[in-house]
Amino acid sequence: MNRTIIIGGGVIGMLTARMLHQEQTDEIILLEKGQLGQESSWAGGGILSPLYPWRYADEISQLAQYGQQYYPDICQDLFAETGIDPEWIGSGLIMLDHDELAEAQQWAKHFTADLQIKNGTEQLQNIEPQLNPQFDKALWMPNIGQVRNPRILKSLIASLRKRQINIHEKTEAQDFIKNSHDEIVAVKTNQGQFEADRVIVCSGAWSGQFTALQQVTVTVKPVLGEMILFNAKPNQLKRIIMQQGRYLIPRKDGKILCGSTLEFKQFNKQISNTAKQELYQAAIRMAPFLKNTPIKHHWCGLRPGSPNGIPYVGEHPKIKNLYINTGHYRYGVIIGLGTVRLLIDYLKQYPSFMDIQHFRLDRERKPTIEFQMVG
């Protein structure tokens, strides 16, 4: 039985541990420098779609489609196993930006996505009565769902503990110990060494700290995102609404999340009143009733930004028992399910739904304009 060490206890690391456990072929050790599920995975919004998917490489849409297909079942299984509801909801998504209509339609045709053009205030109000009536045209994607990040993380933690997976929190991986064949035999941490047959790095924005990954130019930068949460009532808002990169997400209990900013501040996790006010103004522009709704919470997280949004997934080209799954940028939840499946299929030599070579570590990734702006 292989001893597999997974570094990173976010959604990617925990999904990897759970899926490997289902294979019943590995002894699994999960190392997390802090507490499980408390970094970028916790801070995200949980929209099960990339924002403006036509702006990204086709690989991102393929991964997203995998997530959209399988998340309802995963959430149902987790709920049945743990009693914790990840709160998958088929909200649908209203996109108030329509200046890229031709690109959006071409993308929708290519991926057989249900993308509808809605004209007139009446049509939009029928979809979402709380939408600002000043908007009279939008793109409507009725099949887009969401999960509630803290809830799916709680359910994953409960699942791993129920399965008695070996978890070490507050255990920071510092370096790899290799033998004469340049294979990893142990992971050095602040809590001592952990012997390993293979290592999977899923440590998000912190993945670039390892020298072994710097040698193959794995570029992962921390991209700060701030969010606010409105203390609204259930069913006041039913649809996800998006404009100019800002979005509103209605939760089952009525809370409404508004996100998110894009800022490059190294590893400085500090919220700002400027960002809070910017998000607040974006929220009331889309749904004016929020003007009289109190803000309950304001927080931030560090996304693992890769230059063009395409994650790094696969085997290290020189260290044959080192693997990586990181760089998911804003979309760790929606595309992470697919990258975890890809990597496990690769490890087990199973046929998979995509070619993992699209995400190899040495693939050139030309920075997008968005990444250049924040990075």
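The values are calculated or read from the model by the stated rules, or taken from the named source; none is laboratory data. If you're wondering where the values come from, they're calculated on a predicted model, not measured in any experiment. Virtual Cβ from ideal backbone geometry, glycine too; neighbours counted across all protein chains shown. To get the accessible areas, we keep the full protein, side chains included, count just its heavy atoms, and leave off ligands, DNA and RNA. Shrake-Rupley method; radii C 1.70, N 1.55, O 1.52, S 1.80 Å.
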Next on the checklist: For the stretch 40-50, check the following and say yes or no: at least one residue is at pLDDT 95 or above, part of a helix (DSSP H, G or I) and crowded, with 19+ Cβ neighbours inside 10 Å.
Outcome noted: no
Checklist entry - Restricting to strands (runs of 3 or more DSSP E) lying wholly in the stretch 190-271: which have 3 or more residues that are more than 20 Å from D362 (Cβ to Cβ), open to solvent by less than 30 Å² (accessible area, probe 1.4 Å) and not polar (S, T, N, Q)? => result 221-230, 240-243, 246-250, 256-259
Item to check | Hits in the stretch 272-305 (condition: in contact with a Lys or Arg (Cβ under 6 Å, 6 or more places away or on another chain) and either among the hydroxyl-bearing types (S, T, Y) or surrounded by fewer than 19 Cβ atoms within 10 Å (Cβ to Cβ) (or both)) | outcome: I284, H298
Checklist entry - Quick check: anything in the stretch 255-275 over 18 Å from the mean Cα position of the chain (by Cα) and over 24 Å from P222 (Cα atoms)? => result yes
Item to check | Hits in the stretch 60-71 - residues which are in contact with a Phe, Trp or Tyr (Cβ under 9 Å, 6 or more places away or on another chain) and open to solvent by 40 Å² or more (accessible area, probe 1.4 Å) | outcome: Q62, Q65
Item to check | The listed residue being open to solvent by 20 Å² or more (accessible area, probe 1.4 Å), at pLDDT below 95 and under 18 Å from I12 (Cα atoms), out of R341, R360 | outcome: R360
Checklist entry - Scanning the stretch 22-39 for residues that are at pLDDT below 90 and charged (D, E, K, R), which turns out surrounded by the most Cβ atoms within 10 Å (Cβ to Cβ)? => result E39
Checklist entry - Which of the residues that make up the stretch 158-189 are basic (K, R), open to solvent by 80 Å² or more (accessible area, probe 1.4 Å) and assigned to a loop (DSSP other than H, G, I, E, B)? => result K170
Checklist entry - Out of all the residues in the stretch 9-21, is one or more of a type outside the set (V, I, T), modelled with pLDDT under 90, open to solvent by less than 40 Å² (accessible area, probe 1.4 Å) and over 16 Å from H168 (Cα atoms)? => result no
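Would you mind stating whether W54 is among the aromatic types (F, W, Y), in contact with a strand residue (DSSP E or B) (Cβ under 8 Å, 6 or more places away or on another chain) and assigned to a helix (DSSP H, G or I)? Before you say what the answer is, go through the steps one by one.
Details: among the aromatic types (F, W, Y): yes; in contact with a strand residue (DSSP E or B) (Cβ under 8 Å, 6 or more places away or on another chain): no; assigned to a helix (DSSP H, G or I): yes.
The answer is no for W54.
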Checklist entry - Any residue at all in the stretch 315-325 that is in contact (Cβ under 8 Å) with a residue 24 or more places away in the chain, in contact with a Phe, Trp or Tyr (Cβ under 6 Å, 6 or more places away or on another chain) and either surrounded by fewer than 23 Cβ atoms within 10 Å (Cβ to Cβ) or among the aromatic types (F, W, Y) (or both)? => result yes
Item to check | Criterion violated by Q134 - all others in (1) over 28 Å from the mean Cα position of the chain (by Cα); (2) under 15 Å from M242 (Cα atoms); (3) open to solvent by less than 50 Å² (accessible area, probe 1.4 Å) satisfied | outcome: (3)
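Here is a yes/no grid of residues against (1) over 30 Å from F176 (Cα atoms); (2) modelled with pLDDT of 95 or more:
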position: E263; (1), (2): yes, no
position: F267; (1), (2): no, no
position: Q277; (1), (2): yes, yes
position: Y280; (1), (2): yes, yes
position: R285; (1), (2): yes, yes
position: H298; (1), (2): yes, yes
position: R303; (1), (2): no, no
position: G309; (1), (2): no, no
position: K318; (1), (2): no, no
Item to check | Filter result for I310 (open to solvent by less than 60 Å² (accessible area, probe 1.4 Å) and touching a residue at least 24 places away in the same chain (Cβ under 8 Å)) | outcome: yes
Item to check | Looking only at the stretch 289-317, and only at residues there that are among the polar types (S, T, N, Q) and part of a loop (DSSP other than H, G, I, E, B), the one that is farthest from I344 (Cα to Cα) | outcome: T293
Checklist entry - Condition test on A102, is it over 23 Å from N235 (Cα atoms), open to solvent by 10 Å² or more (accessible area, probe 1.4 Å), assigned to a loop (DSSP other than H, G, I, E, B) and at pLDDT 95 or above? => result no
